[in-house]
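> Dumping the structure here so I can ask a few things about it.
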Amino acid sequence: MSKTCSHCRVKVLDHTEYCPLCGGVLKKDTTIDKRRPMGYPDVYGFTKKRNLALRIILAICVVTGFLLLATNYMTGGEWWSLIPCISIAYGYVVFSLYFNPTNGYMKRIIWTFILTLGMMIALDVCTGFYRWSVNYCLPAALLLYNIAGIVLMIVNHRRWESYMIFLLTAILVGFIPLCLIHFHVVTEPVLCQSAFVSSVCIFLGTLIIGGGRARTELGRRFHV
Amino acid sequence: MKKRYKRWEKLDNTANLFPVIAGENMSNTYRLAVVLKEPIQKELLQAALDEVLPKVPGFRLRLRSGFFWYYLEENDKPAPRVEEENTYPCRFIHTNQNNSFLFRVTYFDCRINLEVFHVLADGTGGMAFLRELTYAYLRLAHPDLRDRVGDGLSDETSLNREDSFLRNYKKASKSMYQSKRAFLIKGEKLAYHGFGIIHGHVSVSALRSYCKEHGVSINEYIVAAFTYSTYRAYQGKISAKRPIRVAVPVNLRPFFNSITTKNFFVMVSSEFAPERDEYSFEEILAITHESLAGQITKENLEAIFSYNVSNEQYLFARAVPLPLKNIAMKLIYTRNALANTTTITNMGRATVAEEYEPYIEGFHCFLSFSKGQSLKCGVASFRDDLVLSFVTELEDTAVQMGVFRQMQRDGLEVSIETNGVFYE
């Protein structure tokens with residue numbers, strides 16, 4: 001049965017009682033529509049549930065953090081509550097990173113490194129800055145990053161050359177601990193220097209062993 | 001013999017912009033859809049995609065970022081999975097998902113949807129791929145059809161991937177784009193990042209005879225109806241300082257004898273800057289006709305894209321690292337994007353080979369809304385059915401209502417359907 005809006009004078013094919021344009025109630029008539037509606041999925045309900053779940057988790061994190069800070073403030077003394085608060089914030093951000101299906105594995109890996117390192121440095125600062133984060137965690141993260149690059153190249157061996165840029169970024173990031181050594185933020189430089197040297201060695205090794213494919217990849221990446 | 005190196009290609013002049021500005025909120029993805037007379041079978045559609053994709057190198061690509069430019073690289077992964085539509089249309093195509101392909105294929109009931117990231121191809125390139133996919137599907141669903149027409153791509157399809165902007169640009173010219181801010185349609189947004197669609201069906205023959213009578217093209221009529229409807233809905237806010245400006249993409253292939261499947265279009269704009277209080281629809285139709293007809297000439301179109309291409313050719317500009325280019329391009333885009341109230345894209349008449357025609361009900365197209373343009377319109381026709389597809393992120397449907405009411409006043413019978421979000 002056909003339905004028409006008497007205000008807009010258009011036929012409405014949707015299964016509805018009112019006009020989506022003006023909100024007027026539709027008039028039914030006895031003519032049969034030759035065309036049937038194309039139809040679309042109900043996306044609204046699904047999105048609503050997913051957003052609610054995320055908001056509940058966020059609310060739990062915020063309230064827990066607030067309660068810890070408030071307890072710490074009322075009882076006085078050291079700011080011990082910063083440690084669980086930083087951990088909760090880290091946990092939530094990492095969860096969001098992995099929960100979002102649109103984030104690719106490269107983005108997840110790189111951001112996990114950055115976030116973990118950030119959390120370590122924050123914890124170190126909160127507990128008196130004994131520099132364990134920059135002396136040991138930073139170079140360890142760089143070494144792990146290089147190992148991750150090699151593992152990715154082995155696992156995805158058909159497209160290994162696409163990780164050349166991943167290795168190149170390790171060299172660029174490796175300059176950060178070198179600068180920190182220069183400014184005496186890093187007090188035990190051996191690990192940082194080793195991490196940088198290993199980044200350079202791994203990249204050069206890949207470039208030389210990779211031959212034409214490695215050079216073509218760099219040519220593509222650096223075309224002007 | 002196994003190929004040693006992967007094929008790669010530079011992005012065309014228009015495509016350079018899309019990876020920079022695209023994201024979850026502005027996907028730069030468009031949808032082309034074909035509605036069949038039978039429900040779609042997932043397995044057959046997947047088989048059709050598996051069959052067609054290896055034959056179309058222009059769609060077997062992935063996006064990579066270099067140090068100075070983005071580029072497209074051959075993608076040798078298996079074809080992306082065909083899924084039943086379960087989200088809003090034109091979502092951002094993440095380059096690390098979907099087997100890294102820059103398009104997705106979904107289906108719903110009798111409809112096959114092809115959504116393409118604009119970096120890959122424009123509507124003409126996309127439509128050729130959708131047509132081949134539909135042919136392959138129908139051949140699988142109806143084996144007798146395969147016996148009659150055989151396998152393989154049809155002779156109307158092009159696989160050409162030349163950069164026609166580069167081939168046809170002449171010399172540096174001054175910018176032809178409007179950068180003064182236009183009137184922008186704003187309002188309450190649909191809940192949960194809703195994506196509203198309203199399709200309006202109109203008879204092509206009736207519309208054509210109306211347009212012929214008034215000496216305008218179908219495109220000019222639709223742009224005028226939109227302009228008039230916006231003018232009526234927001235009369236107090238539209239002035240000579242904030243005119244209604246409708247961007248209209250123009251396919252350059254017929255003008256420059258190109259068959260490329262890459263992007264090859266430019267934007268022209270129809271402008272309506274009111275100088276007095278009242279305008280009739282006929283007056284706005286005449287203004288729109290004058291505004292558009294004067295711009296769609298080979299010389300003018302060439303001047304528009306030559307300016308863009310010549311900017312890209314400066315070595316100094318080319319050698320700027322990509323992150324800095326991105327910042328500059330974003331700034332320029334933002335300025336230009338706010339210079340248009342909307343975009344109306346007309347794919348024109350979709351044609352299919354005679355053997356497949358009995359199985360096909362219709363085609364439609366639309367593109368995602370973008371910064372400043374909360375309401376856009378796509379137009380496509382098949383046989384006597386012209387479909388205007390309005391997409392919006394706004395709850396208010398006053399402009400769409402005005403367009404359809406105007407059509408009705410002009411003696412055109414209109415049927416509408418929506419994706420249901422306006423009833424929530």
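A short reminder: the numbers here are calculations on the coordinates, not readings from a lab. It should be emphasised that the depicted structure is a prediction, and the values quoted were computed from it without experimental measurement. Don't worry about glycine lacking a Cβ; one is built from the backbone with ideal geometry, like all the others, and counts go over all protein chains shown.
> Can you sort B:SER203, B:SER381, A:SER81, A:SER194 so the residue with the fewest Cβ neighbours within 10 Å comes first? Walk me through the numbers before you get to the answer.
Details: B:SER203 16, B:SER381 24, A:SER81 19, A:SER194 13.
Going from sparsest to densest Cβ surroundings: A:SER194, B:SER203, A:SER81, B:SER381.
> Work the Kirkwood hydrodynamic radius out for the stretch A:1-40: mean of 1/r over every pair of different alpha-carbon atoms, inverted, in Å.
10.3 Å
> Another question, then. Using alpha carbons only, what's the Rg to Rh ratio of chain B with Rh from Kirkwood?
On the way: Rg = 21.3 Å, Rh = 22.4 Å.
When Rh is taken as the Kirkwood radius, the ratio is 0.95.
> Still on this structure: Listing A:ILE208, A:ILE181 from the residue with the fewest other Cβ atoms within 10 Å to the one with the most, what is the order?
On the way: A:ILE208 10, A:ILE181 18.
Fewest-to-most Cβ neighbours within 10 Å comes out as A:ILE208, A:ILE181.
> Which distance in Å, rounded to a whole number, links the C-alpha centroids of the stretch A:164-224 and the stretch B:186-225?
Cα centroid of the stretch A:164-224 versus Cα centroid of the stretch B:186-225: 56 Å apart.
> Quick one: Karplus J couplings for the stretch B:405-413, per residue in order, coefficients 6.51, -1.76, 1.60, θ = phi - 60°, nearest Hz, x for Gly and Pro?
For the stretch B:405-413, the Karplus curve yields 5, 5, 4, 5, 5, 7, x, 9, 7 Hz.
> Determine which lysines satisfy two conditions relative to B:LYS6: a Cα distance under 18 Å, and not lying fewer than 8 residues away in the same chain.
Reachable lysines: B:LYS55, B:LYS77.
> Please give the peptides B:187-193, B:401-407 ranked by average Cβ packing (other Cβ atoms within 10 Å per residue), highest first, as a rough proxy for protection. Before the final figure, lay out each step's value.
Numbers: B:187-193: 14.3, B:401-407: 23.4.
With the highest mean Cβ count within 10 Å placed first, the list reads B:401-407, B:187-193.
> Moving to a separate point now. Regarding the stretch A:104-224, what are the three Cα extents along the principal axes, ordered largest first, in Å?
50, 29, 28
> When a/c reaches 1.5 or more, the comparison of a/b and b/c decides; with that in mind, is the stretch B:1-114 rounded, prolate or oblate per its Cα gyration tensor?
Details: a/c = 2.48, a/b = 1.36, b/c = 1.82.
Judged from the Cα gyration tensor, the stretch B:1-114 comes out oblate (a/c at least 1.5, b/c at or above a/b).
> I'd like the orientation of helix A:164-182 relative to chain A: the angle between its Cα long axis and the longest Cα principal axis, in ° from 0 to 90, rounded to 10.
Helix A:164-182 sits at roughly 50 degrees to that axis.
> May I ask you to derive the relative contact order of chain B, considering only C-alpha pairs under 8 Å and at least 6 residues apart, and to give it as an integer percent?
Details: 815 pairs, mean separation 101.7, N = 424.
Normalised by residue count, the contact order of chain B is 24 percent.
> Which of rounded, prolate or oblate describes chain A when judged by the alpha-carbon gyration tensor and an a/c cut-off of 1.5?
Working: a/c = 4.55, a/b = 1.65, b/c = 2.76.
Verdict is oblate for chain A.
> Okay, next question. Ordered by residue, what ³J(HN,Hα) values in Hz, to whole numbers, does the stretch B:13-23 give under the Karplus form 6.51 cos²θ - 1.76 cosθ + 1.60, where θ = phi - 60° and Gly and Pro are x?
For the stretch B:13-23, the Karplus curve yields 4, 6, 5, 4, 6, 4, x, 6, 9, 6, x Hz.
> Looking only at other chains, what is the average number of their beta-carbon atoms within 10 angstrom of each beta-carbon in A:10-18? Present the calculation step by step, with values, prior to reporting the outcome.
On the way: counts 11, 6, 5, 6, 8, 3, 5, 1, 2.
Per residue, the average neighbour count from other chains is 5.
> Continuing with the same structure: Using Cα positions and a limit of under 28 Å, work out the lysines in reach of B:LYS212, with same-chain residues fewer than 8 apart set aside.
A:LYS11, A:LYS34, B:LYS298, B:LYS376
> Sequence gap at least 6, Cα distance under 8 Å: using those rules, report the relative contact order of chain A to the nearest whole percent. Present the calculation step by step, with values, prior to reporting the outcome.
Working: 183 pairs, mean separation 26.2, N = 224.
Relative contact order, chain A: 12 percent.
> Averaged over B:93-104, how many beta carbons belonging to a partner chain fall within 10 Å of each residue's beta carbon? Mind dumping the intermediate values first?
On the way: counts 1, 5, 1, 7, 4, 0, 0, 2, 0, 0, 0, 0.
For this peptide, the per-residue mean of nearby foreign Cβ atoms is 2.
> As an exercise, use a Förster radius of 41 Å and the Cβ-Cβ distance of B:GLU24 and B:SER209 to find the FRET efficiency, rounded to the nearest 0.05.
Efficiency, from the Cβ-Cβ distance: 0.40.
> Any chance you could get the radius of gyration and Dmax over the Cα atoms of the stretch A:41-100, in Å?
15.5, 57
> For the protein assembly as shown, what does the helix formula give at 222 nm: sum of -39500 (n - 2.57) over DSSP H segments with n ≥ 4, over the residue count, nearest 500 deg cm²/dmol? Walk me through the numbers on the way to the answer.
Values: 19 runs with 281 residues, N = 648.
So the calculated ellipticity at 222 nm is -14000 deg cm²/dmol.
> How high is the FRET efficiency between A:VAL190 and A:VAL224 when r is their beta carbon distance and R₀ equals 45 Å, given to the nearest 0.05? Walk me through the numbers before you get to the answer.
On the way: r = 39 Å, r/R0 = 0.87.
Once the sixth-power term is evaluated, E becomes 0.70.
> Please state the relative contact order of the stretch B:209-291 as a whole percent: Cα pairs under 8 Å, 6+ residues apart? Spell out each step's value before the answer.
Details: 87 pairs, mean separation 28.7, N = 83.
Normalised by residue count, the contact order of the stretch B:209-291 is 35 percent.
> Further question on the same structure: For the stretch B:250-295 and the stretch A:113-148, write down the distance between their C-alpha centroids in whole Å.
58 Å
> Moving on. No solvent, one uniform scatterer per C-alpha: report log10 I(q)/I(0) for the stretch B:281-424 via the Debye equation at q = 0.12, 0.17, 0.18, 0.21 1/Å, two decimals.
Debye intensities relative to I(0), on a log10 scale: -0.77, -1.22, -1.28, -1.42.
> Quick check: convex hull over the Cα atoms of the protein assembly as shown, volume per residue in Å³, rounded to an integer?
With only Cα atoms used, the protein assembly as shown gives 195 Å³ per residue.
> Starting from the exponent 0.38 and prefactor 2.2 Å, build the expected Rg for the stretch B:192-265 from its residue count and divide its actual Cα Rg by it.
Details: Rg = 16.6 Å, N = 74, 2.2 N^0.38 = 11.3 Å.
Taking the Cα Rg and dividing by 2.2 N^0.38 Å, one obtains 1.47.
> Average partner chain C-beta neighbours within 10 Å, per residue of B:67-76?
Numbers: counts 8, 4, 5, 0, 3, 0, 4, 0, 1, 2.
Mean partner shielding for this stretch: 3.
> Related question: Amide H neighbours of B:ASN346 under 5 Å, at least 5 residues apart or on other chains, H built in the peptide plane: list them.
B:VAL379
> Could you line up B:PHE272, B:PHE108 from fewest to most neighbouring Cβ atoms inside 10 Å? Walk me through the intermediate numbers first.
Numbers: B:PHE272 26, B:PHE108 20.
Listing B:PHE272, B:PHE108 from fewest to most nearby Cβ atoms yields B:PHE108, B:PHE272.
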